[in-house]
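Everything below concerns the one structure shown next.
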Amino acid sequence: MTVQINRERLAATFTELCEISSPSRKEGAIAAHLKKSFAALGADSVYEDDSASRTGSESGNLIVRFAGNQPEREGLFFSCHMDTVEPGMGVRVVRTDDIFTSAGETVLGGDDKTGIAAVLELLALLKENRIPHPKIEVVVTTCEEIGLLGAKHLDYKKLETPYGYALDSTGINHVVIGAPAANKIMIELKGVAAHAGLCPEAGINALALTVQALADIRLGRLDDESTCNFGIIEGGVATNIVPGKVTLRGEVRSHSQEKLSRYTEEIFAAFQSTVDNWQGGPATGDGRPSLAITIVDDYPPLSLAEDTPVIKRVQKASAASGKNLRYIVAGGGSDANIFNGLGLPTAIIATGMSKVHTVEERLDLNDLVNLTELLYALTLA
């Protein structure tokens, strides 16, 4: 059964969602709005978990269930996140024909309100046309943009469907079936502070040691599956003081768990070797540099084979809806990595958003309609 997407309702829903401010940890207003919206669409249950106490958000994650009337058919879930990056307070949406942008001082918020808007339109279509469907669950997480925190603390016991689709990727007409695992790395290298003009010999320059260690580490693209980056370096207190401490924060990503471990160990070894091989002088006395490294397993890899039910269903849906989808491997992590790591196969579907995380973010309504058509086909596949 085919239905006509209500373009203007979809556009109005997207605009309304974007103009509800929801930067990470400030999702209270959007969560309250969504609970009312899902209830109005006839949800059988709207559950907010207790993750807020662990994420620091104003809201927990939402798990919404529409039981449907086809219990013999396999259900599915759709996942989106309700938070946006900064600047995200006071968003004003500008529509020019079918193109949505912000007024220019904030992000638009299409990441990830495109996904939420498409799901709400799907549910409205199913309700008003009385279309039979299997069980649908909607998972809307908090704090995705600051480390997938909502997904990491989601109450998974409440989910009843076996697999799903995260609506959270730029572009359109592609499905992400592979994404890397990642380790977060924090390094604290301590030296000894000293006056840089009066007695620099008594100091142990933590910055110089850091630079030496970094020179022995490969950064950027390591191979066709792996990357490494240090993005934050902090240290020193004044130009006339030998820096006594430097802190670095970085990451390693890889589609291979073995490579992820190996490259992470190489970083540890480079810094440890630099500290161990340091040679002092008479002025430094018994002082020596020291090192502390913290490695956090940030998220697991995502890898979905073509013969898995979650991929076979989207292939069937694309054929039914006449869409030519590409199946790609991406370089970023998302809530889908967490779901897959916990045994819930989850593919990522592109939602049409572009130039995300910038004030130049934009969305074409035609892409949002395209997405909604695919979700409709997925539900009935």
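The values are calculated or read from the model by the stated rules, or taken from the named source; none is laboratory data. Keep in mind that what you see is a predicted model, and the values were worked out from it rather than measured. For neighbour counting, all protein chains shown are included, and Cβ atoms are generated from backbone atoms with ideal geometry for every residue, glycine included.
Scanning segment 284-299 finds one or more residues that are crowded, with 18+ Cβ neighbours inside 10 Å, under 22 Å from Glu225 (Cα atoms) and of a type outside the set (S, T, N, Q). Under the condition of being more than 22 Å from Pro132 (Cα to Cα) and not in a strand (DSSP E or B), the residues counted in segment 10-51 number 28.
Could you name every one of the strands (runs of 3 or more DSSP E) located completely within segment 91-173 that has at least 2 residues being among the hydroxyl-bearing types (Ser, Thr, Tyr)?
Details: elements: 93-96, 99-102, 136-141, 164-167.
Passing ranges, in order: 99-102.
Look at (1) surrounded by 15 or more Cβ atoms within 10 Å (Cβ to Cβ); (2) touching a residue at least 40 places away in the same chain (Cβ under 8 Å); (3) more than 20 Å from Ala179 (Cα to Cα) and you find that Gly236 fails only one, number (2). Residue pairs whose Cβ atoms lie under 7 Å apart, sitting 6 or more positions apart in sequence or on different chains, and linking a residue in segment 310-338 that is over 30 Å from His153 (Cα atoms) to a partner that is small (Gly, Ala, Ser), are Lys316/Ala381; Ala317/Ala377; Ala317/Ala381; Ala320/Ala377; Ala320/Ala381; Ser321/Ala377; Leu325/Ser318.
Among the listed residues Glu225, Glu265, identify the single one that is within 30 Å of Ala336 (Cα to Cα), surrounded by fewer than 14 Cβ atoms within 10 Å (Cβ to Cβ) and free of Cβ contacts under 8 Å to residues at least 60 places away in the same chain.
On the way: Glu225 fails: surrounded by fewer than 14 Cβ atoms within 10 Å (Cβ to Cβ).
When all the criteria are applied, what remains is Glu265.
Only helices (runs of 4 or more DSSP H) whose full extent lies in segment 248-367 are considered here, and the ones with at least 2 residues that are farther than 30 Å from Ile204 by Cβ and under 16 Å from the mean Cα position of the chain (by Cα) are 335-341. The numbered conditions (1) under 23 Å from Ala181 (Cα atoms); (2) assigned by TED's automatic domain parsing to the domain that holds Leu371 are all true for Ala270 except (2). Set side by side, the residues His133, His153 differ, and just one is under 30 Å from Ile293 (Cβ atoms) and of a type outside the set (Asp, Glu), which is His153.
If we keep just the residues of segment 142-158 that are in contact with a Lys or Arg (Cβ under 9 Å, 6 or more places away or on another chain) and at negative phi, which is surrounded by the most Cβ atoms within 10 Å (Cβ to Cβ)? Give the derivation first.
To start, the set of residues in segment 142-158 that are in contact with a Lys or Arg (Cβ under 9 Å, 6 or more places away or on another chain) comprises 142-143, 146-147, 149, 152-153, 158.
The next check asks that each one be at negative phi; those that pass are 142, 146, 149, 152-153, 158.
Values: Thr142: 33, Ile146: 16, Leu149: 24, Lys152: 19, His153: 22, Lys158: 14.
Applying the filter and picking the extreme gives Thr142.
Of the residues examined, Lys190 is one that is touching a residue at least 12 places away in the same chain (Cβ under 8 Å), charged (D, E, K, R) and not assigned by TED's automatic domain parsing to the domain that holds Ser57. Within segment 41-57, residues that are in the same structural domain as Lys135 (by TED's automatic domain parsing) and on the phi < 0 side of the Ramachandran plot reach partners that are surrounded by fewer than 20 Cβ atoms within 10 Å (Cβ to Cβ) and assigned to a helix (DSSP H, G or I) with beta carbons closer than 6 Å, at six or more positions or on different chains, in the pairs Leu41/Lys127; Val46/Lys35; Val46/Ala39; Tyr47/Lys158. Look at (1) within 11 Å of His81 (Cα to Cα); (2) touching a Pro at 6+ places or on another chain (Cβ under 8 Å) and you find that Val140 fails only one, number (2). If you go through segment 200-222 and pick out every residue that is surrounded by fewer than 16 Cβ atoms within 10 Å (Cβ to Cβ), part of a strand (DSSP E or B) and of a type outside the set (D, E, K, R), you end up with 1.
Kindly establish whether Asp98 is within 22 Å of Ala52 (Cβ to Cβ), in the same structural domain as Pro132 (by TED's automatic domain parsing) and among the acidic types (Asp, Glu). Against the criterion (within 22 Å of Ala52 (Cβ to Cβ), in the same structural domain as Pro132 (by TED's automatic domain parsing) and among the acidic types (Asp, Glu)), Asp98 does not qualify.
For beta carbons closer than 8 Å, sequence separation of 6+ or different chains, a first residue in segment 113-136 that is modelled with pLDDT under 95 and a second that is in a helix (DSSP H, G or I) and surrounded by 24 or more Cβ atoms within 10 Å (Cβ to Cβ), there are no qualifying pairs.
Can you name every residue in segment 181-194 that is touching a helix residue (DSSP H, G or I) at 6+ places or on another chain (Cβ under 8 Å) and either closer than 18 Å to Ala283 by Cβ or not aliphatic (A, V, I, L, M) (or both)? It would help to see each step written out before you state the result.
Residues of segment 181-194 touching a helix residue (DSSP H, G or I) at 6+ places or on another chain (Cβ under 8 Å): 181-183, 185, 187, 189-192, 194.
Within segment 181-194, Asn183, Lys190, Gly191, Val192, Ala194 meet the criteria.
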